[in-house]
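Here's the structure, in structure tokens; my notes come after.
The values are calculated or read from the model by the stated rules, or taken from the named source; none is laboratory data. Just so it is clear, the model here is predicted, and its values are computed rather than measured. Here Cβ is always computed from backbone atoms with ideal geometry, including for glycine, and neighbour counts include all displayed protein chains. Accessible surface is based on the protein model in full, side chains and every heavy atom, while ligands, DNA and RNA are left aside. Shrake-Rupley method; radii C 1.70, N 1.55, O 1.52, S 1.80 Å.
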Amino acid sequence: MAAPNLKDIPDLTGTWVLNRKLSTDPDEIMALQGVPWVVRKVLRHARLSLQICQTTSTCIEEKVDDNSIMADNSKSSTSLRITQTVNPGGFDSEGNYLVDGSKQDLSLPIFGDIQMQLKFIQRSLVLEDCIREIVEVASLTSMVIQELAMNSSKGWDAEVIWGFEELEGKRYLTRNIRTTKENKKVIAKMVYDGPN
């Protein structure tokens, strides 16, 4: 599969601060994810920021054939270095995440041990119907980042769509989230102010 055109890929580089007025109250989704009540109350009033550095590198894949080396094709690799700061709260985290569809095992202060996959997808391939409808209309790029996360010990899974949307005439980083546990599903939107 050919790599998508870079102008169609959202570049998340920058420092992003949660805009509580435009975001959904996260309490219901965090309760479904098993976040304790006391932690949810702290997070409800804390300042949450994400510092993201997105890098894309290109490497040439080579094939060895009859003792000769031939360049096959180039393959790009994107990674996100995310530092999340929660003030007050002490729930800061930092990590590197590959945006290549590979499964990554993580341990996060708020959510515990999770398995996550990140990849670029066309807006039309978003799994959750109501989120797909939102990003097909509002997304400012043809590609979005799909995060699939699962916490098997707490029994929940989530689809998170990272991208940019125009809201109230301004460009914002958004994370549209669908979390499911047993027969319950919660939809939320996190909106972030940042470099425009």
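Okay, here's what the table says:
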quantity	calculated
Single condition residue 192 does not satisfy, out of (1) in a strand (DSSP E or B); (2) within 15 Å of residue 29 (Cα to Cα)	(2)
Residue in segment 120-137 that is among the β-branched types (Val, Ile, Thr) and free of Cβ contacts under 8 Å to residues at least 12 places away in the same chain present	yes
Residue ID - nearest to residue 30 (Cα to Cα), chosen from residues in segment 75-96 that are loosely packed, with under 13 Cβ neighbours inside 10 Å and of a type in the set (S, T, N, Q)	87
Residue list for segment 155-186, restricted to those being of a type in the set (A, V, I, L, M) and either free of Cβ contacts under 8 Å to residues at least 40 places away in the same chain or buried (at least 17 other Cβ atoms within 10 Å of the Cβ) (or both)	158, 160, 161, 173, 177, 186
Sole exception among (1) more than 19 Å from residue 52 (Cα to Cα); (2) open to solvent by less than 70 Å² (accessible area, probe 1.4 Å) for residue 191, by number	(1)
Among the candidates 63, 21, 7, 75, residue that is modelled with pLDDT of 90 or more, out of contact with any Leu (no Cβ under 9 Å at 6 or more places or on another chain), over 21 Å from residue 111 (Cα atoms) and not polar (S, T, N, Q)	21
In segment 97-154, residue most open to solvent (accessible area, probe 1.4 Å) [restricted to those that are β-branched (Val, Ile, Thr) and part of a helix (DSSP H, G or I)]	137
Residue satisfying condition, being closer than 25 Å to residue 56 by Cα and touching a Leu at 6+ places or on another chain (Cβ under 7 Å), within set 116, 143	116
